Amino acid sequence: MSKTDADTDLKAMQDEMSDVRRVIDELDDELVALLAKRQRQIERAAKVKPALGIPARVPERVDEVLARVLGASRREGLSVELAMNLWTTIIEWAIQYEERLMGDRAPKGD
């Protein structure tokens, strides 16, 4: 392989890496937008739950969400380990956020 061919291959790999990074950045922006939409739904839930006597933590709902995400992860080819770690963190954050938003209006769970 000549130096020119090696330079061309290196340039092609650098271009490919730039494209990978650009796409990842775009996906990160989409993920942030989706997580912000999810957060707004948590805020809606925090307004409604006290009137219905529903605590922030509903174990059956947590199980339901994790099971649904597990199925979606398998279907989409996403690492199940990654999905479970992310959603467990998201759910725990959401529960704490709801509790803060509800304050003393928060119904107590089991």
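The values are calculated or read from the model by the stated rules, or taken from the named source; none is laboratory data. No experiment lies behind these values; they were computed from the predicted model shown. Neighbour counts run over all protein chains shown; Cβ positions are idealised from the backbone, glycine included.
Values as computed for the structure displayed
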read-out: Residue check, Pro50 closer than 22 Å to Arg100 by Cβ, in a helix (DSSP H, G or I) and in contact with a Lys or Arg (Cβ under 7 Å, 6 or more places away or on another chain); value: yes
read-out: Residue list for segment 87-110, restricted to those being within 19 Å of Arg38 (Cβ to Cβ), of a type in the set (A, V, I, L, M, F, W, C) and either buried (at least 16 other Cβ atoms within 10 Å of the Cβ) or touching a helix residue (DSSP H, G or I) at 6+ places or on another chain (Cβ under 6 Å) (or both); value: Trp87, Ile90, Ile91, Ala94, Ile95, Leu101, Met102
read-out: Scan of segment 76-110 for residues that are modelled with pLDDT of 95 or more, assigned to a loop (DSSP other than H, G, I, E, B) and under 13 Å from Arg57 (Cα atoms), ordered by number; value: none
read-out: Residue pairs meeting the criteria (Cβ under 6 Å; at least 6 apart or on separate chains; first of a type outside the set (A, V, I, L, M, F, W, C), in segment 73-89; second assigned to a helix (DSSP H, G or I) and surrounded by 11 or more Cβ atoms within 10 Å (Cβ to Cβ)); value: Ser73/Val80; Ser73/Ala83
read-out: Tabulated pairs, segment 22-44, first closer than 16 Å to Ile91 by Cβ, second in a helix (DSSP H, G or I), C-beta under 7 angstrom, 6+ apart or interchain; value: Ile42/Ala94; Ile42/Tyr97; Ile42/Glu98; Glu43/Leu101
